[in-house]
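Report on the following structure.
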Amino acid sequence: MYKIGEFSKIVKISQRMLRYYDEKALLKPRKDEMNGYRYYSNDDFAFINRIKTLRKYHFSIDEIKSVIEMDSTKIKIIYQQKIAELYEKTIEYNDVIEEIKAHIEPKNTTNKVNTYDVFWGIRKPFHAFCIRKVVDENGLELLIDQLLIYVNQLNPILNGKHFAIFHSAEKGDFSQYDVEVCQPIFLEKEVKDTRIKFFEEKNYIYTIHLGKYDSISYA
């Protein structure tokens, strides 16, 4: 058994934080009723390391209490959701950084014509897992992340890269898109899932956008 001071030095977590974990019922030490000392066992080392890992992944104390009780399948889903959440924050931070940079060293503005090659062809029939939503540029990227999470849960055989269909854009507001993101899949048997669509063989035209989502409206 280790007193709180000894345990704190070994795991490199302050005594104040260990007491906070105790108050939150996250890591409860054994208490000596006679002297009030807190004691930790060898089993607590693995547990505290798991808490440190989840804190590193930006989980809150309340989230950690729930995650620790989950099985491996549920934890994978929670991890995927956390990735999407952190990715959204990354986009926000990148936008702020670029804005601050512009104040430090304004860029020279140049006029540039955005040109896109248009291709045509025939696509054979296929099934695809699709979700559709009205989103902005940031929401589009998150929608694709959400699509990939659903596809991972379904675990199908993939039949090509995922793609986006822009159904319409409201006049006067080109920051909002009615977009459908789809992942082609092989479907061996009929599945009753409204998110799985069948695309018939058709002629099609398409273009390719290379760049950030905030400039995809040019395409």
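Has region 165-176 got any residue that is of a type outside the set (V, I, T) and modelled with pLDDT of 80 or more? Yes: one or more hits.
Considering (1) open to solvent by 70 Å² or more (accessible area, probe 1.4 Å); (2) modelled with pLDDT of 85 or more; (3) not basic (K, R), say which one I131 fails and leave the rest. With respect to (1) open to solvent by 70 Å² or more (accessible area, probe 1.4 Å); (2) modelled with pLDDT of 85 or more; (3) not basic (K, R), I131 is out only on (1). Pairing residues of region 38-61 that are touching a residue at least 24 places away in the same chain (Cβ under 8 Å) with residues that are in a strand (DSSP E or B) and open to solvent by 20 Å² or more (accessible area, probe 1.4 Å), at Cβ distances under 6 Å and at least 6 apart in sequence or on separate chains, gives R38/K31; Y39/R30; Y40/Y2. Scanning region 142-156 turns up no residue that is modelled with pLDDT under 80 and not in a strand (DSSP E or B).
Kindly indicate whether V181 is modelled with pLDDT of 90 or more and within 28 Å of E98 (Cβ to Cβ). Answer is yes for this residue.
The values are calculated or read from the model by the stated rules, or taken from the named source; none is laboratory data. Just so you know, these numbers come straight off a predicted model, no measurement behind them. As a convention, Cβ positions derive from the backbone with ideal geometry for all residues, glycine included, and neighbour counts pool all protein chains shown. All accessible areas refer to the heavy atoms of the entire protein, side chains included, with ligands and DNA or RNA removed. Shrake-Rupley method; radii C 1.70, N 1.55, O 1.52, S 1.80 Å.
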